[in-house]
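Below is one structure, written out as structure tokens; the observations come after it.
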Amino acid sequence: MSGQDSMQLRYLAACAIAQEAGNLIRRRFLARDEVLKLTFKGPQDYLTETDSEVEKLIAKRLAEAFPGDGFFGEEGGGAYGTNTWIVDPIDGTADFARGVAHFCVSIGFMSQGLAQVGVVYDPMAGELFAAQRGGGATLNGKPIRVSGIDDPAKSVVELGWSSRLPFEPYHELSARIHGLGAGVKRCGSAALGMVAVAAGRQDAYVELHLNAWDGAAAVLIVQEAGGWTNDFLTPECLTRGNPILACTPALREVLVQAMGI
Ligand code: 2AM
Ligand code: CA
């Protein structure tokens, strides 16, 4: 089989597995207790039983289909090799745990240091965002494109937050982006924030620290939709994360400056 054929197989498998996993998340979300039992990995860092249940399902399906590939998941960790799947079973766990329907499954595939396949599935909206390197980006099979917005004062910028960094740099970056005249918002899923950029629903996703599993699939989707991202998936990203900027090409310069990256 050619390299291209095997990548196409991975792309199709990732789409199918993301939807199967998403449907499980959806069932668990709809069947959740009225009285929420909240558990945490740390301050502001939620954990649910569904995260590990879904990650195990995805790992099993990928191992069955591609036994030679490596696997790294947010919950169970893993190892990176030449060919590695990078998986976030639920991106937006805080919202999932609090009963807010804004979360997704994220499945990325990297080969020789490059993102090759990226799939993000929002099970509550029934939206499948997908990309294969060089093949464009799609939403439910239809091509998507970043917006043409080039004026920060007309832009919508999502500024991601987590408790992983101190508040001060977030606060300062927020002030700089507000100062550009952007409409600044924050939701709870970096992957959904980035694919929203790919689909032209907002013009940038910015965050000072993001883990590899949150962004591995979505960076490729943004790039294949004609957007720009910083070099997020560096070797260091896999172990400690990186800043992320995903935006329309026209906003790149001003936002790179605002972020200082
Ligand atoms: P998670 O749902 O996979 O944990 C954005 O910085 C990322 O941080 C999100 O994609 C989310 O990924 C994670 N995160 C962890 N706790 C969060 C919180 N309380 N609010 C928003 N994002 C949070
Ligand atoms: Ca997660």
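Annotation: lysines with alpha-carbon distance below 17 angstrom to LYS154 (same-chain offsets under eight excluded): LYS185. Dividing the Cα radius of gyration of the range 152-259 by 2.2 N^0.38 Å, with N the residue count, gives 0.96. Shown for the chain: the carbon plus sulfur share of the solvent-accessible area, taken with all protein chains present and a 1.4 angstrom probe, equals 52%.
Cross-link partners for LYS41 among the lysines, with Cα-Cα distance under 19 Å and sequence neighbours closer than 8 places in the same chain left out: LYS56. Among GLY70, GLY99, GLY108, the largest mean-square fluctuation in a Gaussian network model of the chain (Cα springs under 10 Å) belongs to GLY99.
Taking a Cβ cut-off of under 9 Å around CYS187, the surrounding Lys, Arg, Asp and Glu residues balance to a net charge of 0, with basic ones at +1 and acidic ones at -1. Rounded to the nearest 500, the helix-only mean residue ellipticity at 222 nm of the chain stands at -12000 deg cm²/dmol, with each DSSP H run of n ≥ 4 adding -39,500 (n - 2.57). For the chain, the Kirkwood hydrodynamic radius comes to 18.2 Å, computed from all pairs of different C-alpha atoms. The 3J(HN,Hα) values that the Karplus relation (6.51, -1.76, 1.60; θ = phi - 60°) gives for the range 122-135 are, in residue order, 9, x, 7, 8, x, 10, 10, 9, 8, 8, 10, 3, x, x Hz. Gly and Pro appear as x. Return the single residue from TRP85, TRP213, TRP161 with maximal mean-square fluctuation; model: Gaussian network over the chain, springs between Cα atoms under 10 Å. Greatest mean-square fluctuation among the candidates belongs to TRP161. When the chain is treated as a GNM with alpha-carbon contacts under 10 Å, the residue of ARG27, ARG61, ARG201 showing the greatest mean-square fluctuation is ARG27. Secondary structure note: in the chain, about 80% of the DSSP beta bridges are antiparallel. Amide H contacts for SER155 (H built 1.01 Å from N in the peptide plane; partners 5 or more residues away or on another chain; cut-off under 5 Å): GLY183.
Rolling a 1.4 Å probe over the heavy atoms of the protein chains gives the chain an accessible area of 44 Å² per residue.
Diagonalising the gyration tensor over the Cα atoms of the range 1-98 and scaling each eigenvalue by 5 before taking the square root yields semi-axes of 29, 15, 9 Å, largest first.
The values are calculated or read from the model by the stated rules, or taken from the named source; none is laboratory data. As the structure is a prediction and not an experimental result, all values here were calculated from the model. Glycine gets a Cβ as well: all are built from the backbone with ideal geometry, and neighbour counts include every protein chain shown. For the accessible areas, the whole protein counts, side chains as well, though only heavy atoms, and no ligand, DNA or RNA atoms are used. Shrake-Rupley method; radii C 1.70, N 1.55, O 1.52, S 1.80 Å.
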